[in-house]
Amino acid sequence: YDCNESYEYVTLTRGRDRIRRLCLNFLAGTTPDFMNNTFDDKLLNQGFSSRTIYAFAQKNRKTVFFRPNLDAGVAQYKKDILEHIKKLSMLYGQVKISPETAAYLQAWAENDAASPQSRSSKSTKLEAYYARKNIHIMKVAMALHFGESTSMEIPLETFKRAIEILDNEEKTMH
């Protein structure tokens, strides 16, 4: 969600926290009944919802009562993820893309605008979402990229995967 240029929080005992160029993202879950009762076309077209990617599934992937204990392989994956997160916390600077990637994304945007009939969803409820899809693509590409890498340049293939993921989710997003 768009935020101010700078966020500051001052405490009495811990000093001052300052975050510049903040971008706030949420990951949440709910039920289809709640969504049907809460959202209407007006709300879907407002600022927050047009900046939201809605993922929907007809049923749970699987049902479990207790979480299973981590076996040695899964425990190692957890350790690897924590090490990767630590590396990510040390990154600083601008994320870059190649001129070829920029040209591809510009051509994609022009084609998308010229051919809305080729989109995954034909629902008019997603018009505001599609107006900001370029931002969604960048966010998903960054999530994919930094889930796998600490490089500050995102390759074209990652953007293509992000577009594919969003195209798939758009089929039921409305």
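Within the stretch 92-106, track down each residue that is charged (D, E, K, R) and more than 28 Å from Ile19 (Cα to Cα).
Within the stretch 92-106, just Glu100 meets the criteria.
Check off (1) part of a helix (DSSP H, G or I); (2) more than 25 Å from Tyr54 (Cβ to Cβ) for Gln117 and give me the number that stays unchecked.
Of (1) part of a helix (DSSP H, G or I); (2) more than 25 Å from Tyr54 (Cβ to Cβ), only one is false for Gln117: (2).
Of everything in the stretch 1-57 that's within 30 Å of Gly93 (Cβ to Cβ) and aromatic (Phe, Trp, Tyr), which residue is modelled with the highest pLDDT?
Within the stretch 1-57, the match that is modelled with the highest pLDDT is Tyr9.
Can you tell me which residue among Ala131, Ala109, Ala141, Ala102 is open to solvent by less than 50 Å² (accessible area, probe 1.4 Å) and either of a type in the set (Val, Ile, Thr) or within 17 Å of the chain's Cα centre (by Cα) (or both)?
From the options Ala131, Ala109, Ala141, Ala102, the qualifying one is Ala141.
Please identify the pairs in which a residue from the stretch 61-85 that is open to solvent by 90 Å² or more (accessible area, probe 1.4 Å) has its Cβ atom under 7 Å from the Cβ atom of a residue that is not hydrophobic (A, V, I, L, M, F, W, C), counting only partners at least 6 apart or on another chain.
Within 7 Å, the pairs are Leu70/Lys78.
Quick check on the stretch 119-133. Is at least one of its residues over 25 Å from Phe56 (Cα atoms) and aromatic (Phe, Trp, Tyr)?
Taking every residue of the stretch 119-133 in turn, none turns out to be over 25 Å from Phe56 (Cα atoms) and aromatic (Phe, Trp, Tyr).
Given the criterion of a type in the set (A, V, I, L, M) and more than 19 Å from Ala55 (Cβ to Cβ), identify the matching residue among Leu91, Leu144, Leu126.
Leu91
Do any residues in the stretch 124-136 that are without any contact (Cβ under 8 Å) to a residue 12 or more places away in the chain and under 11 Å from Met173 (Cβ atoms) have Cβ atoms under 9 Å from those of residues that are of a type outside the set (A, V, I, L, M) and buried (at least 16 other Cβ atoms within 10 Å of the Cβ), where the two are at least six apart or on different chains, and which pairs are they?
Here the result reads none, with nothing in the stretch 124-136 linked to a residue that is of a type outside the set (A, V, I, L, M) and buried (at least 16 other Cβ atoms within 10 Å of the Cβ).
Quick one: would you say Leu156 is among the hydrophobic types (A, V, I, L, M, F, W, C), farther than 27 Å from Gln58 by Cα and surrounded by fewer than 17 Cβ atoms within 10 Å (Cβ to Cβ)?
Yes, satisfied.
Among the residues of the stretch 90-99, is any of a type in the set (Val, Ile, Thr), closer than 25 Å to Gly147 by Cβ and open to solvent by less than 60 Å² (accessible area, probe 1.4 Å)?
Looking for residues that are of a type in the set (Val, Ile, Thr), closer than 25 Å to Gly147 by Cβ and open to solvent by less than 60 Å² (accessible area, probe 1.4 Å), one finds at least one in the stretch 90-99, hence yes.
Name the residue, out of Gly73, Gly147, Gly93, that is touching a His at 6+ places or on another chain (Cβ under 9 Å) and of a type outside the set (S, T, N, Q).
Gly147
Restricting to the stretch 86-121, count the residues that are free of Cβ contacts under 8 Å to residues at least 24 places away in the same chain and in contact with a Pro (Cβ under 9 Å, 6 or more places away or on another chain).
So the count comes out to 0.
The values are calculated or read from the model by the stated rules, or taken from the named source; none is laboratory data. All values derive from a computational prediction rather than experimental measurement. Reconstructed Cβ throughout: ideal geometry from the backbone, glycine too, with neighbour counts over all protein chains shown. Heavy atoms of the whole protein, side chains included, go into the accessibility calculation; ligands, DNA and RNA do not. Shrake-Rupley method; radii C 1.70, N 1.55, O 1.52, S 1.80 Å.
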